[in-house]
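Here's the structure, in structure tokens; my notes come after.
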Amino acid sequence: MDFLNFIDFKITDFIDIILVAILLYYIYKLVRGSVAINIFIGIVIVWGFWKLTELLGMQMISSLVGQFMQVGLIALIIVFQQEIRKFLLMIGSTNFSNKRNFIKHFKFLRPEEGLISNLNISGLLNACERMSESRTGALLVIERANSLEFVKTSGDQMNIEVTQPIIESIFYKNSPLHDGAAIIVDNYIVATRVVLPVGNDRKIPLKYGLRHRAAISITEKTDAIALVVSEETGKISYVKNGEFINYKDMANLKEIIKEDVV
């Protein structure tokens, strides 16, 4: 096996591979479902081609692609500014003292059957449908990998399992809890009357009120997803990555949410 003697594989190389894999995984999670995913895949392909030309000793093409990668770094920072902000927030909001939250960040290492959240999606959407019929405004934010601790503290802390009657009672017009957003973690409502940061993006049509603007803002800053029930029209909006996600019907919306809570 003399032809393998040139391979000097050490434990640090193994750790290096694992760290790169984790980094790529987190980046993929941030851009998944957005236009940026195509840019990310393109970058990975160009980077892989660059390293291949270096390995094969193709100095001219390797130098050319290398220069492109270096010059393009500034452009990439501009293109991915929202994703970079989310990534830094994800790292900064990781609570390493909390075993449950720490392990949640590495859930891709667990068996496939353990990936799906216990979120009661049916109860959630049934409540939204009922509130839609009665024109009851509501804003529900579902936490994923990024911690929402920085906004939870602005509201009332609680720990109530997600059910249709509970959600309807929270957003009932005469309820003292109906103002603001409700934060959902796994299958529990952990905070109500939460005040979310509202962006000043002029691109958002004026027909959208504070609930929709808050949903867009929180899903831009984190990887959370949001459901908004309009008090004026009764329309149910699904917001992810700062964008409204189109869906055909409630069954289709249920399938979309199932994919997103993995």
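The values are calculated or read from the model by the stated rules, or taken from the named source; none is laboratory data. All values reported here derive from a predicted model rather than from experimental measurement. In this analysis, Cβ positions are derived from the backbone assuming ideal geometry, glycine residues included, and neighbour counts consider all displayed protein chains.
Could you please let me know if LYS254 is among the basic types (Lys, Arg), farther than 21 Å from LEU148 by Cα and in a helix (DSSP H, G or I)?
Against the criterion (among the basic types (Lys, Arg), farther than 21 Å from LEU148 by Cα and in a helix (DSSP H, G or I)), LYS254 qualifies.
For region 53-72, the condition holds for no residue, the condition being that it is modelled with pLDDT of 80 or more, within 30 Å of PHE244 (Cα to Cα) and part of a helix (DSSP H, G or I).
All conditions in (1) part of a loop (DSSP other than H, G, I, E, B); (2) modelled with pLDDT under 90 hold for GLY234, with the sole exception of (2).
Taken over region 182-200, the criterion of being out of contact with any helix residue (DSSP H, G or I) (no Cβ under 7 Å at 6 or more places or on another chain) and surrounded by fewer than 20 Cβ atoms within 10 Å (Cβ to Cβ) is satisfied by ASP186, ASN187, TYR188, ARG193, VAL195, ASN200. Where residues in region 164-181 are more than 12 Å from ASN120 (Cβ to Cβ) and aliphatic (A, V, I, L, M), which of them is surrounded by the most Cβ atoms within 10 Å (Cβ to Cβ)? So, considering only residues that are more than 12 Å from ASN120 (Cβ to Cβ) and aliphatic (A, V, I, L, M), the one surrounded by the most Cβ atoms within 10 Å (Cβ to Cβ) is ALA181.
Residues checked against (1) assigned to a helix (DSSP H, G or I); (2) touching a Pro at 6+ places or on another chain (Cβ under 9 Å); (3) at pLDDT 75 or above; (4) more than 30 Å from THR222 (Cα to Cα):
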{"site": "PHE9", "(1), (2), (3), (4)": "no, no, no, yes"}
{"site": "ILE17", "(1), (2), (3), (4)": "yes, no, yes, no"}
{"site": "LEU30", "(1), (2), (3), (4)": "yes, no, no, no"}
{"site": "SER34", "(1), (2), (3), (4)": "no, no, no, no"}
{"site": "GLY42", "(1), (2), (3), (4)": "yes, no, yes, no"}
{"site": "ILE45", "(1), (2), (3), (4)": "yes, no, yes, no"}
{"site": "GLY48", "(1), (2), (3), (4)": "yes, no, yes, no"}
{"site": "LYS51", "(1), (2), (3), (4)": "yes, no, yes, yes"}
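Just one of SER97, SER93 is at pLDDT below 90, among the hydroxyl-bearing types (Ser, Thr, Tyr) and touching a Phe, Trp or Tyr at 6+ places or on another chain (Cβ under 9 Å); which is it?
Values: SER97 fails: touching a Phe, Trp or Tyr at 6+ places or on another chain (Cβ under 9 Å).
On inspection, the qualifying residue turns out to be SER93.
Can you spot a residue in region 207-214 that is surrounded by 15 or more Cβ atoms within 10 Å (Cβ to Cβ), assigned by TED's automatic domain parsing to the domain that holds ARG130 and free of Cβ contacts under 8 Å to residues at least 12 places away in the same chain? So far as region 207-214 goes, yes, one or more of its residues are surrounded by 15 or more Cβ atoms within 10 Å (Cβ to Cβ), assigned by TED's automatic domain parsing to the domain that holds ARG130 and free of Cβ contacts under 8 Å to residues at least 12 places away in the same chain. Residues that are in contact (Cβ under 8 Å) with a residue 40 or more places away in the chain, over 17 Å from PRO197 (Cβ atoms) and surrounded by fewer than 18 Cβ atoms within 10 Å (Cβ to Cβ) within region 146-163 comprise GLU161, THR163, listed in sequence order.
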